[in-house]
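The values are calculated or read from the model by the stated rules, or taken from the named source; none is laboratory data. Note that the structure is a prediction, hence the values are computed from the model and not measured. Neighbour counts run over all protein chains shown; Cβ positions are idealised from the backbone, glycine included. Accessible surface areas use protein heavy atoms only, side chains included; no ligands, DNA or RNA. Shrake-Rupley method; radii C 1.70, N 1.55, O 1.52, S 1.80 Å.
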Amino acid sequence: MRGAPPPASALDPTTLKPFVDALPIPIVAKPSGTRTLESAGAKPLPYYRVEMRAFEAKLHRDLGPAELWGYGGSFPGPTFDTRSGEGFLVEWANSLPKSHLLPLDRSLHGSEDEFPDVRTVVHAHGAKAPPESDGYPEAWFVPGDSALYHYPNEQDAATLWYHDHALGITRLNVYAGLLGAFLVRDDVEASLALPSGEFEIPLILTDRLLEKTGRIIYPIATPPANPWAPEFFGNAILVNGKVYPRLDVRARKYRFRAINASNSRFYHLMFADLRPFQQIGSDQGLLEAPVTLRTLQLAPGERADIVVDFSGRGGEEIVLKNDAYVVMQFRVARGVENDASVVPARLRPVAKTAEASAVRTRTLTLDEFDDLVGQPVTMLLNQQHWCAPITEEPTVDDVEIWNLVNATDDAHPIHLHLVRFQILDRRRFDVSQFLMKRELRHTGRAIAPEPGEAGWKDTVRADPGMVTRIIVKFSGYPGRYVWHCHILEHEDNEMMRPYNVLAAR
Ligand SMILES: [Cu+2]
């Protein structure tokens with residue numbers, strides 16, 4: 001590993017007293033009036049203004065304050081709680097300092113010496129937004145500037161999230177705290193009587209490397225002039241910005257919107273007693289039917305909508321873990337609740353996109369290039385750098401199948417902006433034959449997606465040694481978007497490509 005070991009100043013998180021902090025619940029963003037935007041039509045739309053600011057916050061009761069960056073001066077930022085079909089405008093304002101909180105690597109694309117230290121651009125992950133409001137990585141703006149974005153919200157109810165996407169420094173901006181939840185609701189969801197109001201809570205998962213002082217640090221690989229590390233893992237897992245938080249719950253059902261907002265970490269979440277829970281939604285909305293799980297896997301960028309039933313558990317303290325690591329605790333109040341919420345057996349139809357409807361199949365490789373001692377130096381998509389000419393140009397409303405051929409040793413969560421898609425299957429192939437001859441020979445049978453990922457997705461785990469096939473309808477808006485690995489260290493070092501959606505002929 002090219003990354004340096006944690007420094008001597010790193011905190012031993014097992015020395016922290018767990019469950020002393022209440023789980024923070026981000027405030028809900030409120031519009032400050034209405035405005036019109038020419039490209040969004042004549043109708044005045046709700047207008048929000050969100051300022052990115054530096055601030056200090058304690059990540060645990062017994063730690064000193066950490067310097068952070070956040071939307072609205074909080075980490076996570078305010079939650080957008082929105083309705084499908086009701087568009088709105090957000091002015092994203094950069095009021096950050098002029099020098100970066102974390103060490104830059106000036107050798108990365110878009111991060112070279114001629115570019116300012118602090119650059120931001122906001123992407124609403126999973127939003128079907130016009131290209132000029134999608135947060136193109138080169139559409140960044142500097143402290144003192146802002147950008148007015150239009151979210152038409154012409155999409156189904158789903159758990160989205162928003163975060164920074166500036167070219168070459170996304171990993172650092174998100175790590176500093178620039179992220180938040182973005183919920184879209186609709187009538188189908190409202191008709192279901194799922195747990196709501198105070199019984200519906202986002203769980204935004206991030207990991208951070210904490211010093212004993214309570215500050216966050218981002219490890220610097222060697223040589224220091226070129227500090228990019230191929231992945232990042234912190235010594236503490238935070239939920240909604242706190243280490244080891246506690247949520248006091250009542251003995252009834254709760255709906256949790258789990259969002260993996262971590263740079264590189266994949267989660268395997270489970271209750272300590274392995275009690276089951278239900279997954280009702282994936283990245284892009286409700287599943288056809290609830291899925292009963294004991295472990296929830298979430299790759300960076302992925303979301304899961306889950307329901308946990310605490311009824312009959314009054315007085316219990318229930319720990320949520322990630323593998324062996326304690327994440328948080330639910331403390332269930334005594335007493336019997338009158339819980340009118342339900343998880344129906346059918347949630348919403350998810351029509352399968354027929355393979356026969358695809359007009360094109362693209363085979364796209366995930367590649368890793370190592371140095372002489374086997375350390376990864378660059379990851380690419382289809383052997384192309386960010387700045388190479390655009391090669392993926394679907395036409396609006398076309399259906400395409402993308403075969404993601406992962407010839408690397410790691411799983412990469414691949415995210416396409418603008419669109420939702422379905423996973424067709426994953427299939428093992430002969431990696432060495434592929435690397436030598438660029439010939440694809442399958443060595444296993446096609447494996448269907450897991451039940452929790454069988455609905456609408458916008459981020460898919462491309463497992464190592466597998467061809468992962470997705471089927472995508474490019475509905476939305478013509479223009480330039482990106483597709484990329486959502487391991488932010490990879491995305492910042494060439495594992496991202498622009499793509500064009502062409503207007504209908
Ligand atoms: Cu990757």
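With the Cα gyration tensor of region 421-505 giving a ≥ b ≥ c as the square roots of its eigenvalues, does the rule (a/c under 1.5 for rounded; else a/b larger than b/c for prolate; else oblate) give rounded, prolate or oblate?
prolate
Across region 204-218, in residue order, what do the Karplus-derived ³J(HN,Hα) couplings come to in whole Hz, using 6.51 cos²θ - 1.76 cosθ + 1.60 with θ = phi - 60° and x for Gly and Pro?
Taking θ as phi minus 60°, the curve returns 9, 9, 9, 10, 9, 8, 9, 8, 4, 5, x, 6, 9, 10, 10 Hz for region 204-218.
Roll a 1.4 Å probe over the protein chains and send me the accessible area per residue for the chain in Å².
Ligands and nucleic acids excluded, the figure is 38 Å² per residue.
222 nm [θ] for the chain, helices only, -39500 (n - 2.57) per DSSP H run of 4+, per residue, to 500?
-1000 deg cm²/dmol
Order SER264, SER9 by their accessible area, 1.4 angstrom probe, all chains in place, largest first.
Output order, biggest surface exposure first: SER9, SER264.
Rank these residues by their accessible area, most exposed first, probe 1.4 Å: TYR477, TYR48.
Largest accessible area first, the residues go TYR477, TYR48.
Through the Karplus equation 6.51 cos²θ - 1.76 cosθ + 1.60, θ set to phi - 60°, convert the phi angles of region 116-125 into ³J(HN,Hα) values in whole Hz; use x for Gly and Pro.
After applying 6.51 cos²θ - 1.76 cosθ + 1.60, I find x, 4, 10, 9, 9, 8, 9, 10, 8, 5 Hz.
Subtracting the Cα-Cα distance from 0.36 nm times the residue separation, let me have the gained length for ASP273 to LYS98 in nm, one decimal.
The ASP273-LYS98 span can extend by a further 58.2 nm.
Please report how far the C-alpha centroid of region 421-445 lies from that of region 365-397, rounded to the nearest whole angstrom.
Spelled out, the Cα-based centre of one part sits 17 Å from the other.
5 Å is the cut-off here: which amide hydrogens, built 1.01 Å from N in the peptide plane, fall below it relative to ARG360, excluding neighbours closer than 5 in sequence?
ILE401
Give me the percent of accessible area attributable to carbon and sulfur for the chain, probe 1.4 angstrom.
Its accessible area is 52 percent carbon and sulfur atoms.
Report the one residue of VAL28, PRO44, ALA54 whose Cα lies farthest in the direction of the positive end of the charge dipole of region 18-59 (charges on C-beta: Lys and Arg +1, Asp and Glu -1; origin at the Cα centre).
Checking the options against the dipole of region 18-59, the answer is PRO44.
Can you spot the lysines whose alpha carbon is less than 30 Å from LYS321's alpha carbon? Ignore those fewer than 8 places along the same chain.
Result set, ordered by chain and number: LYS17, LYS58, LYS212, LYS242, LYS253, LYS457.
How many percent of Cα pairs in the chain exceed 34 Å?
34 percent
According to a simple spin-label model (label point 7 Å from Cα along Cα-to-Cβ), what is the distance in nm between ARG331 and GLU67?
Computed distance between label sites GLU67 and ARG331 equals 3.4 nm.
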